[in-house]
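Working notes, beginning with the structure itself.
The values are calculated or read from the model by the stated rules, or taken from the named source; none is laboratory data. Owing to the predicted nature of the structure, the values given are computational and were not obtained by experimental measurement. Quick reminder, even Gly has a Cβ in these numbers, built from the backbone with ideal geometry, and neighbours come from all protein chains shown.
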Amino acid sequence: MTSTKLKIFFIFLLILEISACGDSDKQKKAETEVSDTTSTKNNTTFLFLTEWFNKVGVYKYDLSKKKYSPVWWHPRENVVMLVYKPGENPAYFFTSEKIGTTGNFPSFSGLKLFIISHDLSETKQIDNINDGIQFTAHWNEDENLEVIYTEVDRTIASYVNQYTQVYDHYGKLIDSAIKTFDIQKSGFPEYRKF
């Protein structure tokens, strides 16, 4: 990690620590007035992405211990997206061997989808998407992960296939759909705004 990135990381941690400090009576009063009904325990750990030896990985930071540790890191792949919402939902992340552009479109190769368990102790690969042009992911209205990605059709070069896949809280694929677009007639498919 370069010294500039290391300085930024430590400034970020310092800001977190300063914002966590304050009048303990005010904190106790706020804790008694507002209760979180979605979780059974206070979340003192959060996930973040950082670079180590020129590869981006997923790390967790424990606020009570004031320490961070790796959740997932690989010397040949980068984490390119983390889909995470603290609470009862699992966390998902995507890795790729290479991100770049192909014909003015963002492209990826070797894209893989991983799930991190609720307690952040276990990581498991759940899908191998491979190569494509664009991808995005978000939580849908049912609180499931929805992944949308496109790839050029392997038979007809003017066709683009848009895949939509939905994964439940256990990482199981529960819905899948493919739409084919002729970019010469209808243009490139647009992603929905989330």
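Taking the stretch 71-90 as the search range and keeping residues that are touching a Lys or Arg at 6+ places or on another chain (Cβ under 8 Å) and in a strand (DSSP E or B), which one is surrounded by the most Cβ atoms within 10 Å (Cβ to Cβ)?
Checking each candidate, the answer is V71.
State the number of residues belonging to the stretch 27-70 that are of a type outside the set (D, E, K, R), at pLDDT 85 or above and not in a strand (DSSP E or B).
Here the count works out to 4.
What is the one condition in (1) under 25 Å from Y170 (Cβ atoms); (2) touching a Gly at 6+ places or on another chain (Cβ under 8 Å) that S107 does not satisfy?
Only one criterion is unmet by S107, namely (1).
For the stretch 123-173, list the strands (runs of 3 or more DSSP E) that sit wholly inside it and hold at least 2 residues that are without any contact (Cβ under 8 Å) to a residue 60 or more places away in the chain and of a type in the set (D, E, K, R); which are they?
Those strands (runs of 3 or more DSSP E) span 123-132, 145-152.
Which of (1) in contact with a strand residue (DSSP E or B) (Cβ under 7 Å, 6 or more places away or on another chain); (2) surrounded by fewer than 12 Cβ atoms within 10 Å (Cβ to Cβ); (3) farther than 18 Å from Y163 by Cβ; (4) of a type outside the set (D, E) does Y61 not meet, given it meets every other one?
Of the numbered conditions (1) in contact with a strand residue (DSSP E or B) (Cβ under 7 Å, 6 or more places away or on another chain); (2) surrounded by fewer than 12 Cβ atoms within 10 Å (Cβ to Cβ); (3) farther than 18 Å from Y163 by Cβ; (4) of a type outside the set (D, E), the odd one out for Y61 is (2).
Does K66 satisfy the condition of being touching a strand residue (DSSP E or B) at 6+ places or on another chain (Cβ under 9 Å) and of a type in the set (K, R)? Reasoning before the result, please.
On the way: touching a strand residue (DSSP E or B) at 6+ places or on another chain (Cβ under 9 Å): no; of a type in the set (K, R): yes.
Against the criterion (touching a strand residue (DSSP E or B) at 6+ places or on another chain (Cβ under 9 Å) and of a type in the set (K, R)), K66 does not qualify.
Name the residues in the stretch 52-94 that are closer than 25 Å to K172 by Cβ and among the basic types (K, R), would you?
Once the filter is applied, which keeps residues that are closer than 25 Å to K172 by Cβ and among the basic types (K, R), the stretch 52-94 yields K60, K85.
Please name all residue pairs, on different chains or six or more residues apart, with Cβ atoms under 7 Å, provided the first residue is in the stretch 74-91 and is within 21 Å of S121 (Cβ to Cβ) and the second residue is of a type in the set (V, I, T) and exposed (fewer than 13 other Cβ atoms within 10 Å of the Cβ).
Short answer, once both residue conditions are applied: G87/T38; E88/T38.
Please identify the pairs in which a residue from the stretch 92-111 that is loosely packed, with under 13 Cβ neighbours inside 10 Å has its Cβ atom under 9 Å from the Cβ atom of a residue that is β-branched (V, I, T) and in a loop (DSSP other than H, G, I, E, B), counting only partners at least 6 apart or on another chain.
Short answer, once both residue conditions are applied: G103/I133; P106/I133.
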